[in-house]
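Here's the structure, in structure tokens; my notes come after.
The values are calculated or read from the model by the stated rules, or taken from the named source; none is laboratory data. This is a predicted model, so every value here is computed, not measured. Every residue, glycine among them, receives a Cβ derived from its backbone with ideal geometry; neighbour counts consider all protein chains shown. Surface areas here come from the heavy atoms of the whole protein model, side chains and all, with no ligands, DNA or RNA. Shrake-Rupley method; radii C 1.70, N 1.55, O 1.52, S 1.80 Å.
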Amino acid sequence: TDLRPLDILSEVVPTGGLARGMRVFQVQGVRGFQLAASRPRILGFPASRLFIHCDRFPEEFSIIVTLRVLGVPAKRNEYIFTLMAEESPSVLVGLRYAPDKLHFLFWSQERASGWQTRVTFHNVSLYDNQWHTLVLAVSGQSFSLTVDCSVPKDLVVETPFPASLSVKRASFYLGNRRRRKGVFTGLLRQLVLLPGADATPRVCTATNFKEEMLSVPTVLQDVPTKPASNEVLKYPYETDTKVTLGSRPPCTKQEKAQFWFNASQRGLYLCNGSAWISLLEVKQRLDYVEEYQSLVTNSETMGVEVFTIPKVGLFAATANRYTPPGSAIYKWTDGKFVPYQNIPTYQAQSWKYFTIGKKIFLAVANFEQNDRGQEFSVIYKWSRRKEKFITYQRITTHSARDWEAFVIEGEAFLAVVNHREGNNHNIDSVIYRWNPRTGLFETNQTIPTSGAYDWEFFTIGPYSFLAVANTFNGTSTKIYSHIYIWLSGSFQLFQSILTFGAADWEVFRIGDRVFLAVANSHSYDSGMPAPSNFYAINSSIYELNITAQMFVKFQDLLTYSALDWEFFSVGDDSFLVVANSFDGFTFSVNSIIYRWQGYEGFVAAHHLPTVGCRDWEAFHTAEGSYLLYSSAKEPLSKVLKLKTT
């Protein structure tokens, strides 16, 4: 071989057309082949067409696959490709996919009879209806799999890949092993063999790792959306065009050519791969905010979580201070929140809604001990039969302030913020990993924190981050809060930012820009002279600098014991609302909505009277857009409606 990429997929496609048993399908703006199972032998070709100068399979190589997997039933394998000798049913080389597993097969002929070796990569979850690019690098006994340019999975096995594997009278078969059983049912866009090299550095250079290409058949390459003059498309294709309803969905290359209908704005939009293009729209802009509902709560509310349970409805969970009566869950009914369920809690600080597969959970962070002197925070599970949340798992916590749920590489995690243990604020907060076998969360990692208030998880490209808001170390609120990055199976320190009683992090995106806002609550240092006002201090917005690979300060905004930021959009406009809770004299303080004005940054647009404001939540219904704020100083929260023009 001459070490050039060998395009297996293109060899199956005749010049100027399609092979029988193949259809071109476009999903999320990306095209791929869908294969028919009726005549698998049609989707094959002699190996000699690739191996022109040598009839031996390379000893070292990479296989690059870009695919979109449909849901694979349990105990079923689907073949991505095989290389088989004409006179034998055995697979010389092959790649097949099973639920959460990828198997690489090869035939070793060092013994007279020969035998097949299977190298299995576990926890490879691909059936999420997204495009993925896999790079399998093979060298002797070493096998490495990289999925979407994430951390490679490396295996060393006893049986090496053969140094001399004959491909005489052998053929490649696309998506099958020469029979109907096990035919690949998803979409294939790229299947390339690169002899003699690990292709990972060549593939993992683009911004969109999932769709990076070494070689793609012409029929799958992008063509102009509108043909020149009256000519028809050279390569017709099908697409799963759909219309999404509700609030603004993401628009990336994956959603290209999809429609979004915004019922509240009466607008129809088309995704061009990066932005929603208006086809029919009544432009809306935020005009003013009006009080919509006064929500009487069980007691003062430390936090609120708004969430939707599919096919059930919209809910709001309030984290209330006193027990009894505990905290409450409200359901949106006839345009209002009405009481739905009470749950015993112990000075609850916050709720977190999350799902794992089809399971629905709601976790509460309890700040105090229960009646028996036990200190637990509790995870509740939604019972579809009872249509209520029921106790699922208790976890020992220490003055817990916040939960954060997230998924990394197909695994579910839950992180708790432990604020203090007794008078000691410098303690560990804990990250738990979901164990699918036991169905429970188990300790995965501890991270030292100082009087912490909040976790914030976010992703940038293939990287996962977790930011902690450290509030008080026992003597000062002027301390560093930290951003951690997920590397090699754990979170490692990425960046430290000086904060002042940090109570909340909020990550948000405007166009291609990534921002991180911190809510600073107060400035106190036992070793320094007291400031004129502990609570009137700047909260800061940071922006990701790609070149420097760090967040840099973008803007300071004067706040009054800020406890929360909430980002939301109305039409094409972006907003931040801050929870100002105390100005040093009174809890009756205006919380402010800031409007994004480009070069000017965020500019104050609306001043909202609040009392001890603790938390904001933005949500949308078919009737419009709303803000909900919780009060930590009175048993009354308020729903505000965003009036537009």
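Only one of the numbered conditions (1) surrounded by fewer than 17 Cβ atoms within 10 Å (Cβ to Cβ); (2) under 20 Å from Gly489 (Cβ atoms); (3) touching a helix residue (DSSP H, G or I) at 6+ places or on another chain (Cβ under 9 Å) is not met by Lys168, and that is (2). Considering only residues in the stretch 483-492 that are aliphatic (A, V, I, L, M) and touching a strand residue (DSSP E or B) at 6+ places or on another chain (Cβ under 6 Å), the one that is surrounded by the fewest Cβ atoms within 10 Å (Cβ to Cβ) turns out to be Ile485.
A residue that is within 30 Å of Asp100 (Cα to Cα) and either open to solvent by less than 50 Å² (accessible area, probe 1.4 Å) or part of a strand (DSSP E or B) (or both) cannot be found anywhere in the stretch 470-482. Of all residues in the stretch 308-340, those satisfying the criterion of being surrounded by fewer than 19 Cβ atoms within 10 Å (Cβ to Cβ), more than 21 Å from Lys633 (Cβ to Cβ) and not basic (Lys, Arg) are Thr308, Ile309, Pro310, Val312, Gly313, Leu314, Thr333, Asp334, Gly335, Val338, Pro339, Tyr340. Residues that are open to solvent by less than 70 Å² (accessible area, probe 1.4 Å), assigned to a strand (DSSP E or B), closer than 30 Å to Pro152 by Cα and touching a residue at least 12 places away in the same chain (Cβ under 8 Å) occur at least once in the stretch 388-404. Applying the criterion of being under 20 Å from the mean Cα position of the chain (by Cα) and open to solvent by 50 Å² or more (accessible area, probe 1.4 Å) to the residues of the stretch 445-469, the residue that is farthest from Lys352 (Cα to Cα) is Gly461. One residue stands out in the stretch 212-242 among those that are outside any loop (DSSP other than H, G, I, E, B) and modelled with pLDDT of 80 or more: the one that is farthest from Arg266 (Cα to Cα), namely Thr218.
Taking every residue in the stretch 363-375 that is open to solvent by 10 Å² or more (accessible area, probe 1.4 Å) and pairing it with any residue that is of a type in the set (A, V, I, L, M, F, W, C) and outside any loop (DSSP other than H, G, I, E, B), at least 6 positions away or on another chain, the pairs with Cβ-Cβ distances below 9 Å are Phe367/Met302; Phe367/Ala348; Phe367/Ala400; Gln369/Phe376; Asn370/Phe376; Glu375/Ala400. Criterion first (part of a strand (DSSP E or B) and closer than 16 Å to Glu60 by Cα) does Ala197 satisfy it? Criteria not met by Ala197.
When residues in the stretch 615-637 are screened for being within 30 Å of the chain's Cα centre (by Cα) and of a type in the set (D, E, K, R), 3 of them pass.
Hey, any hits in the stretch 424-432 for a residue that's touching a residue at least 60 places away in the same chain (Cβ under 8 Å) and open to solvent by 10 Å² or more (accessible area, probe 1.4 Å)? No; the residues of the stretch 424-432 include none that is touching a residue at least 60 places away in the same chain (Cβ under 8 Å) and open to solvent by 10 Å² or more (accessible area, probe 1.4 Å).
Surrounded by 11 or more Cβ atoms within 10 Å (Cβ to Cβ), within 26 Å of the chain's Cα centre (by Cα), outside the structural domain of Thr66 (by the TED database) and modelled with pLDDT under 80: does that describe Thr252? Judged against the criteria, Thr252 is not a match.
Among the residues of the stretch 52-65, those that are open to solvent by 10 Å² or more (accessible area, probe 1.4 Å) and either more than 19 Å from Ser215 (Cα to Cα) or modelled with pLDDT of 90 or more (or both) comprise His53, Cys54, Asp55, Arg56, Pro58, Glu59, Glu60.
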